[in-house]
Amino acid sequence: MKRDPLNVNSGNEFPLILGRDLSGVIMECGLDVKYFKEWDEVWAAIPPWKQGSLSEFVVVSANEVSHKPKSMSHTEAAAVPYVASTAWSALVNTGGLSKDNCAKKRILIIGGSGGVGTFAIQMLKAWGAHVTVTCSQNAELFVRGLGADHVVDYTAGPVEERLGSLAKFDLILDNVGGDTERWALTLLKPWCGAKFVTLVTPFLQNTDMLGIADGMVQNAATVASKVLKHLAKGVHYRWGFFAPSGPALDEIMEMVDAGQIRAVVEDTFGFSEVPQAFERMEKGHARGKTVVQIRK
Ligand SMILES: NC(=O)c1ccc[n+]([C@@H]2O[C@H](COP(=O)([O-])OP(=O)(O)OC[C@H]3O[C@@H](n4cnc5c(N)ncnc54)[C@H](OP(=O)(O)O)[C@@H]3O)[C@@H](O)[C@H]2O)c1
């Protein structure tokens, strides 16, 4: 049997390579690839069923890749694709938002100071929405700098009471989970198609604990019961997921090059410092993204 040192053919074998984002240069293209050529500068978010990006070489499908924004360095660009693809999937594919229908919408982002939140604020502001954000007090200036219109400090007492005194929302993006589902759906405009989209779901926990088949049945039962319960109150409940998409990254690249979105890089580490990069992320309290530079 031929050895495969990069493990690219087997794809899913150990050692597991972590990391979803990449920004780099194309070294080689498949014969059917027409849209890209060698030495193109590209960015991508790799799907979770493939080996990750903490590696000198990465194999990706053409439909997962997009040309990198010209106005960003590789370090900046590497901070965007995963959170951008997740926010895009949650807000556009699941939430039904687009640049053409956001103008008069009131959006609440629960947990606005992390990777997904900092991207979502900028995208929604570029599309003209009114954006309210929850975050800790020391992140207020930071999220306002990204465009947030209204900021609620969740560390200063029950956040649901202060949010409840505001006008109701058209869409809520939940990046925090926990007990938010207990109160957040009451903040939506009833009977107007308003949606609650959560990124914090028991999807992986169920499949890890119960196996794929039983886990999927459990997932379907959980989500269906919540959808029906909230539909009876006139609001829509949805689970949001990261979805790799080159075409979505093409649109995001245009927004970046138009100056509507910037990368929020909190920390940069060298490849030999990957353990420290993970320690930083495990501490939580993110203010944007942590980037690993494979080559300086
Ligand atoms: N379903 C999917 O496919 C998918 C994909 C990507 C991410 N996710 C999930 O989405 C969530 C957000 O991801 P992320 O990358 O943005 O995470 P992150 O970068 O770690 O950011 C989380 C942010 O939430 C803040 N926070 C914590 N508790 C909060 C609260 N009660 N109210 C308001 N803000 C709070 C944190 O700051 P402070 O602690 O300082 O307040 C931090 O800035 C994570 O749970 C992640 O697992 C799901």
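Given the residues Phe271, Phe241, Phe278, which is the only one that is aromatic (Phe, Trp, Tyr) and more than 22 Å from the chain's Cα centre (by Cα)? Please lay out each step first, then the result.
On the way: Phe241 fails: more than 22 Å from the chain's Cα centre (by Cα); Phe278 fails: more than 22 Å from the chain's Cα centre (by Cα).
When all the criteria are applied, what remains is Phe271.
Test Ala129 against the stated conditions and say whether it is closer than 20 Å to Asn93 by Cα, at pLDDT 95 or above and away from the ligand (no atom under 11 Å from the Cβ).
Values: closer than 20 Å to Asn93 by Cα: yes; at pLDDT 95 or above: yes; away from the ligand (no atom under 11 Å from the Cβ): yes.
Here the answer is yes, as Ala129 does meet what is asked.
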Do we have any residue at all in segment 279-289 that's within 16 Å of the ligand (Cβ to nearest atom), outside the structural domain of Val143 (by TED's automatic domain parsing) and among the aliphatic types (A, V, I, L, M)?
yes
For segment 47-57, does any single residue satisfy the condition of being free of Cβ contacts under 8 Å to residues at least 60 places away in the same chain, assigned by TED's automatic domain parsing to the domain that holds Asp257 and closer than 16 Å to Gly246 by Cβ?
yes
Any idea which residue in segment 94-121 is nearest to the ligand (Cβ to nearest atom), counting only those that are closer than 15 Å to Tyr82 by Cα and of a type outside the set (A, V, I, L, M)?
Gly114
For residues that are surrounded by 21 or more Cβ atoms within 10 Å (Cβ to Cβ), closer than 14 Å to Ala248 by Cα and within 13 Å of the chain's Cα centre (by Cα), tally how many sit in segment 51-93.
11
Looking at segment 232-250, can you tell me whether even one residue there is surrounded by fewer than 17 Cβ atoms within 10 Å (Cβ to Cβ), charged (D, E, K, R) and not assigned by TED's automatic domain parsing to the domain that holds Gly177?
yes
Residues being surrounded by 14 or more Cβ atoms within 10 Å (Cβ to Cβ) and over 16 Å from Lys68 (Cβ atoms) - total across segment 34-48:
1
Gly178 passes all but one of (1) closer than 19 Å to Gly234 by Cα; (2) loosely packed, with under 15 Cβ neighbours inside 10 Å; (3) not hydrophobic (A, V, I, L, M, F, W, C); which number fails?
(1)
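The values are calculated or read from the model by the stated rules, or taken from the named source; none is laboratory data. Just so we're clear, the structure is a prediction, and the values are computed from it rather than from any experiment. Cβ: placed from backbone, ideal geometry, glycine included. Neighbour counts: every protein chain shown.
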